[in-house]
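Taken together, the values in this text are just the output of simple stated rules run on the coordinates, not laboratory data. The structure displayed is predicted, hence computed values, not measured ones. FYI the Cβ positions are ideal-geometry reconstructions off the backbone, even for glycines, and counts take in every protein chain you see.
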Amino acid sequence: MTVLADNVNDLIRKLTWAEPAEGKAIVLQLQRGGEETLRALAAMLKESNDEGCVQASFAIEALVMHAMRPGADAERQALAATLAKLLPTATDDVAAGVLLKALQLVGGPAEVPAIAKALTSERAADYAIMALVQIGDDGARAALRSAATAANTPPARRLAYCHALGALRDREALPVMRQALAEAAEPDKPLLWRAMAECADEGILPELLDAIVAGPAGRRGAALDALATLAARLPTPERAAAVARALHERYPGEASRALLLDYAGLDEALPLLSQQLREGDLVAREATLALLERHPDDAVVKHSLAIAGEATPELAAAIIAMLGRRGAGAARPYIEAQLRAEDATLRKAAYEALPGVAPADCTALLAAAMATAPKGDLPAIRAVLIQQSNEDFAAWIAAAIGAATPDGKAALMELLALRRAVAQRRAIFAQLDDGDSGVRRAAWKSLANLAQAADCEEIIGRVQAIKDAGERRAAQTALVNLARSNGDCAIKVLAALGAATGVTRATFMQLTPEIASTAALQAVQTDLASDDAALREAAVRALAAWPTAEAMDALFALAAQPEPPTARVLALRGLSRLLGQDIGLAAADRVAKLEQLMTLCQRADERKLVLAAAAALRQDAVLTKIVLPAFGDAELADEAAAATVKLACAKDAKDPGMISSAAREALTKVLAVTTNDELKKQALAQLGRFPTQGVNIAMGKPVTTSCPQQGNHSPDKAVDGRITRDDSWFGNRWPSSLTVDLEQVEELFSIRPIFYWDSRRFYTYTIEVSEDNQNWRQVVDQSANNRAADDKGVNHLLPMDCRARYVRLNILKNSVNEAVHLVELEVYSLTGKPPKAPGPNLLLKQPVQAGSPQEQDHSPDRVNDGRIGRNDGWHTDKCPTWITVDMQQQASIDTVRVIFYWDGRRSYAYTIETSVDGENWQMAADNSANNTPADAQGIVHRFPARTARFVRLNITRGVGRYVHVVELEAYAAGKAPERFAAAEAPAPPPPPPLPAADAEGFVPLFNGKDLAGWMGSTGGYGVNADGNLFCDPKKGGKLLTAWEFGDFILRFDFKLAPGANNGLAIRSPVEGNPAYEGMELQIIDDAGYQAVHGHKLQAWQHHGSIYGVVPAKVGAQKPAGEWNTQEVVAKGSQITVTLNGQVIVDADLSTITETADGLGLAKHPGLKRR
């Protein structure tokens, strides 16, 4: 025992992840440890709910499951006795709760005394109640009654006891229930009604009736439910019927009629139900029919048929449907008679009801009905028949075909084809001789699915004799299907072709593309030279429809011949169709044949066919050799534009589209030539995916805005070249604008705004340009944008003649809040001079050249874009390789930092060289033997100052053939930082021990002196002389406790400046936006915010609200400048916020189905955190 107990920790740790067999063996070991093991497990259960607690709880659950297996009563009783013995030793409510949950499953009468003692625990009492209800003997009832009647029992707990006693139907508890009901608040009464109804207390009937007649809708439903329970629990039907009559007298309706039917009997209820059927609305009628459907007395059927015989067609049809669902065999004669009713509604209802009233015969009856039914009824019959699965289905359907109408025959044969009823196909062959051509075509259509190889010769013979063109096409389909599935049939078809002449040979010729064998192609090519013009045309058409590349040479030969013109056009179309598909040709061969085909075209409409075919092959060569030349022909410009868009533009979010010089040229031509706005829109969107081109001439230039900044997020951060969410301009409202002065008139190529991104928010905006800051021209209109912002922004190409000194971004709306957040505004020019780098990193945003192609959209210019994220950078699949940055002027440098993709494992070998002319290179750093894994800090190389213009990184070893360079930086001599910040913060240190709790159990989170125990934006907050924590309005940020709390009670005082806005993050992870990844409880000056900022708060933005999710009640907050007292209680899914003694939020997150901001639960994953 001792050895086992000492090893409990090891065992339960293994148990958590064990496979079933190993887990069973561990449970057996734990079981053999008996009380000592259980005592060790119980000692691990604690309020902190740490890993050991979770593992111990799991182990106890496993022991319980093992003891509950059949035949293990002795083990179950022993386990229950030990759990009950350990219950008084539980260290806290968590431990007691785990043990009580186990006793719910294994406990019995012997454990009742121990469980009853736990009823006094505030948090464990609920588990004790459930355990006693589960045991449910007299002792359990007595324990619950005793607890309910105790003088010191709180009202809320008494309600729980009454509810449990009601579940046990303990009539001895009625006195305490009646007392509780007399004292209960209105919202608590439904629980007591139900408990007393379970105990068959007829004394509550008057109160229930009053609540049903005069109470609010929610209370009425609870009272009706309790009344129905009361009727069900009464010992005699007569007393239950009296309850039903009382309800019907005071509140006649569906509920009273249901109770009368259940307890007063048919004689009393049926007149009421009949009246409701005849006079009630649709909802009442369907509810009444549902009652009749479930009532077991067969008299219901007789009564329903009597009503149907006198009813309108609509009501009769509804009754028929009910009888069918009921499976009322006694109604079969009536329902069969309705199969021939004049009214279509009755017939349809009868078709649908037949499987219910005549399950054995419904297929035969419905097949006979389908044979002669009006054409409009056939879909309804088909829908019912298709659901039948009896063995004789196909035989009944086939038997009905002979006597059917033409429409009926077609419908019946279709059913046989759908069921693949091959054995009944002779019945369909017989219809090939029918005098109605529609029947014959329908027969051929069915035989296309049913004909077998044995039928081939018969079908060939029939095809030769068919005169009707439509029938012949249908027969050809059947023959083609046979030839495809059976080689012998294909041979027979080709033999028939060889023996046939004239029209019959032409008929068989049409089948050859479907066979598509070498012999079939030879037969077609033979007839290309036939003296019979009809046969030659049939051969040409067959060749033009050929599905494989083997026909291309013959088609090209036909396309090259000017005569006959029809043959040439058909050949061109056939070639366009083939080359527009993947038929196994190499891409280069396919492009060459498209070029060849284009040279054979004589008219614009023929060239359009080739352009359409070319648009299916995404290759640069298609653009350069086929599409771009077509832009020069005015008749082809629109088709060339359409082909470009189809080829180059992204098809979905996973498709990057074409990003190449040929694609850029073609897309630019689309903008210049087409008048189709949709094509222009798609072309612009794809060009926006291209790496930026030219020089960002906005970087470091003067900036003005139309609104104040927020915190330290000044306007100049929008042109600092740093693309991170922290390096952004924050404006305090929208609409607002930001204007960049380029300091001279420049020729502009594109503008790229990059807004703050979080995968949800979007911004609407326009962009204007001006030469004089007076006369403005709009060049970008995104006023209807709803695309979420991301870290790439949108690169807007500008009109060719765009010249300006000033660029103004007008931000019209932020979809998330009242502020604006612009990470960067880039203005690109192909002719402008590059600005000096805004900081000591001289490589930032300078021209880049790479020695190998990029992967996807990871272009070379990402290697010096200022964004240092592991997934941002230049990627290539060629190694060794190099990348060079041109600083565009000579400078003295002494430090280079290189950052590769980091994951803690991969390493890269490389050298760094510099040059003043791009030809003669000098080694700056040799790390060709490097094996140190890359990290977020990168590797810094320092060397004596030297003059350079070019910096080249040579990667000699990557990860296999892959290279991923995140950032390359070079620093002016003497300007490099002594220490470089890492791109990712290191893992936070473990939190310090929690301070000691006070007498009430509260732990101080703030010591009144400093920010010990806090992490995050500690520079944005401080402690004043009075020992109060304050937020610096120019900095702020996210300040988090170093400790994590799930369930908690938080009490704090706060005072706000006018218009102040902050928040309380609860259950928030370290990373991400607390308002969404966790929960944010608003801390905001309700009264002063609008006056200061000019924006009215949404209901869910008021103080105390669960931001975006649950609005708080207003009116409890004191004016700005005064202290407020707030308490937050988070217990499981329940969040309660009390401000200055008033509850302003009381929400159960588990019941929320829609958020107040309308973004939905998916946008608030933090609501699930506990």
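What the table below lists for this structure:
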read-out: Three-way shape label, segment 1-119, alpha-carbon gyration tensor, a/c 1.5; value: oblate
read-out: Modelled FRET efficiency - R0 60 Å, residue 634 with residue 725, Cβ distances, 0.05 increments; value: 0.80
read-out: Two-site FRET efficiency, residue 553 against residue 495, from Cβ-Cβ distance with R₀ of 35 Å, rounded to 0.05; value: 0.85
read-out: Helical mean residue ellipticity (222 nm; -39500 (n - 2.57) per DSSP H run of 4+; nearest 500) of the chain; value: -12500 deg cm²/dmol
read-out: Sequence ranges 1075-1082, 424-431, ranked by mean other-Cβ count within 10 angstrom, highest first; value: 1075-1082, 424-431
read-out: For segment 654-669 versus segment 915-973, the gap between their alpha-carbon centres in whole angstrom; value: 32 Å
read-out: Relative contact order (%) - the chain, alpha-carbon pairs under 8 angstrom, separation at least six; value: 3 percent
read-out: Theoretical FRET efficiency, 1/(1+(r/R0)^6), r = Cβ-Cβ of residue 1140 and residue 855, R0 56 Å, to 0.05; value: 0.45
read-out: Segment 535-612-segment 364-431 distance, computed between alpha-carbon centres (Å); value: 45 Å
read-out: Distance between modelled label sites at residue 249 and residue 603, nm, 7 Å Cα→Cβ extension; value: 9.2 nm
read-out: Structure-derived Rg/Rh (Cα atoms, Kirkwood Rh): which label, when the choices are [x] 1.05; [y] 1.02; [z] 1.33; value: [x]
read-out: Inter-probe distance in nm under a simple model that places probes 7 Å from Cα toward Cβ, at residue 284 and residue 172; value: 4.8 nm
read-out: Added length on full extension, which subtracts the Cα-Cα distance from 0.36 nm per residue, residue 833 to residue 485; value: 118.3 nm
read-out: Partners for residue 1118 among aspartates and glutamates (Cα-Cα distance below 17 Å; same-chain residues under 8 apart left out); value: 1053, 1085, 1086, 1127
read-out: When each of 717/813; 593/646; 46/1035 is checked by Cα-Cα distance, pairs over 31 Å; value: 46/1035
read-out: Rough spin-label spacing in nm, given labels placed 7 Å along Cα→Cβ, for residue 1041 and residue 956; value: 5.5 nm
read-out: Proximal charge balance of residue 276 [Cβ under 11 Å; K/R count +1, D/E count -1]; value: -1
read-out: Net +/- balance of residues flanking residue 815 in space, Cβ distance below 9 Å, scoring K and R +1, D and E -1; value: +3
read-out: Relative contact order for segment 619-690, counting Cα pairs under 8 Å that sit 6 or more residues apart, in percent; value: 32 percent
read-out: Relative contact order for segment 342-460, counting Cα pairs under 8 Å that sit 6 or more residues apart, in percent; value: 21 percent
read-out: Computed magnitude of the charge dipole of segment 848-972 (debye, nearest 20; Cβ of K, R +1, Cβ of D, E -1); value: 320 debye
read-out: Distance between segment 150-218 and segment 1070-1104 - C-alpha centres, whole angstrom; value: 42 Å
read-out: Ranked by how many other beta carbons lie within 10 Å on average, peptides 360-372, 272-284 from highest; value: 360-372, 272-284
read-out: Within straight-line cross-link reach of residue 1113, lysines at Cα separation under 21 Å, skipping those fewer than 8 residues along the same chain; value: 1055, 1096, 1131
read-out: Potential extension, residue 78-residue 21 segment - 0.36 nm per residue separation minus Cα distance; value: 18.1 nm
read-out: Order by protection proxy (mean Cβ within 10 Å, highest first), peptides 702-708, 111-117; value: 111-117, 702-708
read-out: Environment charge at residue 564 (Cβ cut-off 13 Å; Lys +1, Arg +1, Asp -1, Glu -1); value: +1
read-out: Gain in span if fully extended, residue 210 to residue 360, counting 0.36 nm per residue against the direct Cα distance; value: 48.8 nm
